[in-house]
Amino acid sequence: MTNFKNMVDSYGSPLFAYDFDYMKNQYEELKEAFRARKSLICYAVKANSNLSVISHFAKMGAGADCVSIGEVKRAIMAGIPKYKIIFSGVGKSDSEIKEALKLDILMINLESEAEMTRVELVAKELNMKARISVRVNPNVDPLTHPYISTGLHKNKFGVDINTAKRMYIKAKNSEFLEAVGVHFHIGSQLTKLAPIAESIKIVSSFLRNLKALKINIKFFDVGGGIGIDYEGEKTIELYDYAQSIFMNLTGLDITVICEPGRFLVGNSGYFVTKVLYEKQNEDKRFIIVDGAMNDLVRPTLYQAYHKIEVLNDNKELSKADVVGPICESGDYFAKDRELPQTAHNDLLVIKSAGAYGFTMSSNYNTRGRVAEIAIEGNETRIIRKRESFDNMIALEKDYLCN
Ligand SMILES: *Cc1c(COP(=O)(O)O)cnc(C)c1O
């Protein structure tokens, strides 16, 4: 078991620690499930965009799914080959499109006709052929938290099938566009296969329609969203997942792309925080820790559950809220959780913090982003320094008028 105490002694508190061996294992299990077909796993960089994490996946042969030009540049810097990079997202600026085209990445994933017009225009300016895919919104309910549901028409993502068809026909007739992929992504933390299977059916049948129109797509991109176990929930079996894709693609020469983020990194990560003190308000018990919602916002943003382990020998449990120092009532990691009595400097380990943890962190309350640590074999190493006060004011201080 990882020695979090030593880690905090070396790198300070709070911190994020990621088990790189766990990530590798997840990647290999998924790759194994997809063994029967040509496949490319494009790691969804937004889940955890630390350069060392991306580089770890690059070495395994992964591609990257990026949602900003910043993420595209991170992926390239971390060693992901350009021909394995996808640029997704519902809104891209002309300068982002231009940069992506110049970088010659695998494809730009389009989410509207208006976006297609912009991409075509920019490609024309550069006198290039832009490789594109279209994100189809299959209008199925992914059965997940509404904030991370994306596959319904009421969500802002993708286009309906009829619009998609128009877009592919337009691309076929354009000198500056080349449609190479079809894409969907219906949501995140999906624990049921049925909505994905339904989407696969809809989008693969659309693919066959395109084929009949002599529009030949090379990549069938099933997005990400595979759910993970946060509190003991049963989630999607990889074998069933792969089968539900393959059985709809028989007879088609197509590469399957999958864009997992959370699945690859979520349960690799720990947020380690120190107890400052306890406090009792009437019959309510609070454990106040040095980490806060600016470090890990999931509990308050998504009402997410994260397991918490207290590193001390006390066995007697009672209910407590685990809260941070930030001036918001939403600043909590757990509510009414059965936890042992704690003392100053005891460590709390918050589990499943590898995805959408650090990447969603902020400097709210002028708190520096915490250090990030890699665990690999029996070794730990720092992969991002803790932010200092100087880091936080660097872009403001020159404008201070006295
Ligand atoms: C966020 C996102 C992903 C990854 O989602 P996970 O739930 O972390 O697997 C994949 N593809 C697209 C287009 C995304 O927006």
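The values are calculated or read from the model by the stated rules, or taken from the named source; none is laboratory data. The model shown is predicted, which means the values in this text are computed figures rather than measured ones. Glycine also receives a Cβ, built like all others from the backbone with ideal geometry; neighbour counts cover every protein chain displayed. These accessible areas exclude ligands, DNA and RNA; they are computed on the full protein's heavy atoms, side chains included. Shrake-Rupley method; radii C 1.70, N 1.55, O 1.52, S 1.80 Å.
Residue-by-condition table, conditions (1) surrounded by 22 or more Cβ atoms within 10 Å (Cβ to Cβ); (2) under 30 Å from GLU309 (Cα atoms); (3) under 26 Å from the mean Cα position of the chain (by Cα):
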site	(1), (2), (3)
ILE202	no, no, yes
ILE215	no, no, no
LYS218	no, no, yes
ASP221	yes, no, yes
GLY225	yes, yes, yes
GLU231	no, yes, yes
GLU237	no, yes, yes
Item to check | Within the range 21-69, tally of residues that are within 12 Å of the ligand (Cβ to nearest atom), in a loop (DSSP other than H, G, I, E, B) and in contact with a Lys or Arg (Cβ under 7 Å, 6 or more places away or on another chain) | outcome: 2
Checklist entry - Of the residues in the range 149-163, how many are in contact with a Gly (Cβ under 8 Å, 6 or more places away or on another chain) and either open to solvent by less than 20 Å² (accessible area, probe 1.4 Å) or on the phi > 0 side of the Ramachandran plot (or both)? => result 4
Checklist entry - How many residues, within the range 87-141, are outside any loop (DSSP other than H, G, I, E, B), within 13 Å of the ligand (Cβ to nearest atom) and closer than 13 Å to PHE157 by Cβ? => result 5
Checklist entry - Listed residues GLU71, GLU120, GLU99; which is at pLDDT 95 or above and either among the aromatic types (Phe, Trp, Tyr) or open to solvent by 60 Å² or more (accessible area, probe 1.4 Å) (or both)? => result GLU99
Checklist entry - Is there a residue being within 12 Å of the ligand (Cβ to nearest atom), modelled with pLDDT of 95 or more and buried (at least 24 other Cβ atoms within 10 Å of the Cβ) anywhere in the range 266-279? => result yes
Next on the checklist: Can you find a residue that is under 28 Å from the mean Cα position of the chain (by Cα) and exposed (fewer than 15 other Cβ atoms within 10 Å of the Cβ) anywhere in the range 178-187?
Outcome noted: no
